[in-house]
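Each remark here refers to the structure printed beneath this line.
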């Protein structure tokens with residue numbers, strides 16, 4: 001299912017980008033580009049139109065949540081999975097509101113990233129198993145109540 005998937009990596013740490021690239025390429029996922037900050041991520045999303053973006057939150061020049069918001073505004077079909085160290089619920093809510101379809105903590109096992117990508121590409125929302133299980137329900141309740 002994941003082969004021929006075109007992915008853009010937006011992560012400011014080169015060693016982590018290289019590891020993600022190798023991990024995803026082992027799953028026959030094509031890495032179409034890499035960006036070290038949010039602004040370059042937006043430019044590459046416009047230029048390359050990937051199927052999915054793996055995005056960090058803590059990026060120089062423009063943070064991952066704002067970059068996600070801008071990318072989704074211009075390319076609503078691109079799926080974004082946030083990969084971050086931030087486990088606070090407010091970050092999760094902001095990322096989902098910006099249009100991210102997945103939220104994964106960097107402390108999670110590599111298999112969880114593949115699972116997150118699969119779920120998101122199937123049209124589902126994926127939240128890191130390390131986060132509270134009712135987090136998505138709480139988010140849905142908040143958005144319904146305004």
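The figures follow:
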item	result
Relative contact order of segment 1-82, defined on C-alpha pairs under 8 angstrom at six or more residues apart (%)	32
Cα long-axis angle, helix 135-145 against the chain (0 to 90 degrees, to the nearest 10)	60
On Cα atoms only, tilt of 89-98 relative to the major axis of the chain in degrees	70
Rg in Å to one decimal, and Dmax rounded to a whole Å, for the chain via C-alpha atoms	13.9, 43
Segment 1-141 - percent relative contact order, Cα under 8 Å, separation 6 or more	19
Paramagnetic reach from residue 74 in segment 85-110 [backbone N under 19 Å; point 7 Å along Cα→Cβ]	98-101
Antiparallel content of DSSP bridges confined to the chain, in %, to 5	0
On Cα atoms only, tilt of 64-74 relative to the major axis of the chain in degrees	80
Under the Debye formula (equal points on every Cα, no solvent term), log10 I(q)/I(0) of segment 26-80 at q = 0.12, 0.16, 0.31 Å⁻¹	-0.23, -0.41, -1.38
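Only the coordinates and a few stated rules stand behind these numbers; no lab work does. These numbers were taken from a predicted model, which means no experiment stands behind them. Backbone-built Cβ (ideal geometry, glycine too); neighbour counts: all protein chains shown.
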